[in-house]
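Bear in mind that the values in this text are calculations on the coordinates, not laboratory data. The structure presented is a predicted model; accordingly, all values stated were derived computationally and were not measured. Methodologically, a virtual Cβ is constructed for each residue, glycine included, from the backbone with ideal geometry; neighbour enumeration extends over all protein chains shown.
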Amino acid sequence: MSDLRDLYQEVILDHSRRPRNFRRLNHANHRADGYNALCGDRITVYLQVEDGHIKDITFDGSGCAISKASASMMTAALKGKTIEEAQALFDKFHRMVTGESDSEVGPVNLGKLAAFAGICDYPSRVKCASLAWHTVHAALEDKNEVVSTE
């Protein structure tokens, strides 16, 4: 089990150091801002949605390693998905990081996102891991307020 935790930690560190899709998306037709007061994380998520599919998704901002890695991995996981698939993935990820037991939540169904499975053991870090996800949810619903983890 220690080897798996080490691997997950390396995946998180890699995405934190070299975040994927970390840039503004000039042709975005959805966007939202998020803020985690506890850690100081700030994020903006940009989406290009066409015909019910996420054609492109990016983010920018600043934050802790967990927040940045989660945003990076989220953008990679959601690109090309339908809005419904994105919502389902949001729900599974949220249940996993909050420690809610569900037979559908697991490494097989979440792929690399399973690296965040241990976050539920650190309640103060759940907000860091879930900020980008709540922000993309708000962007898809065209909410015009800053998403807060408080």
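The charge dipole of the chain, taken about its Cα centre with unit charges on the Cβ of Lys, Arg, Asp and Glu (plus for the first two, minus for the last two), comes to roughly 540 debye. Ordering L47, L140 by the number of other Cβ atoms within 10 Å of each residue's own Cβ, fewest first, gives L140, L47. The relative contact order of region 24-64 comes to 39 percent, based on Cα pairs under 8 Å that sit 6 or more residues apart.
How tilted is helix 65-78 with respect to the longest principal axis of the chain? Cα atoms for both, answer in degrees (0 to 90, nearest 10). Relative to the chain, helix 65-78 is tipped by roughly 60 degrees. Comparing D33, D121, D41 in a Gaussian network model of the chain, where Cα atoms under 10 Å apart are tied by springs, the biggest mean-square fluctuation is seen for D121. The label-point distance for D91 and A65, in a model that sets each label 7 Å from Cα toward Cβ, rounds to 3.3 nm. Legend: ranking of residues R125, R24 from fewest to most surrounding C-beta atoms inside 10 Å; resulting order R24, R125. Put the Cα centre of region 109-150 next to the Cα centre of region 1-80 and the gap is 10 Å.
Computed from Cα atoms, the angle from the helix 2-17 axis to the main principal axis of the chain rounds to 30 degrees. Here the contact order of the chain, divided by its residue count and restricted to Cα pairs under 8 Å and six or more residues apart, works out to 30 percent. Here the residues S62, S148, ranked from fewest to most Cβ neighbours within 10 Å of their Cβ, fall in the order S62, S148. Rounded to the nearest 10 degrees, the angle from helix 123-140 to the longest Cα principal axis of the chain is 30 degrees. Over region 2-141, the ratio between the Cα radius of gyration and 2.2 N^0.38 Å evaluates to 0.97.
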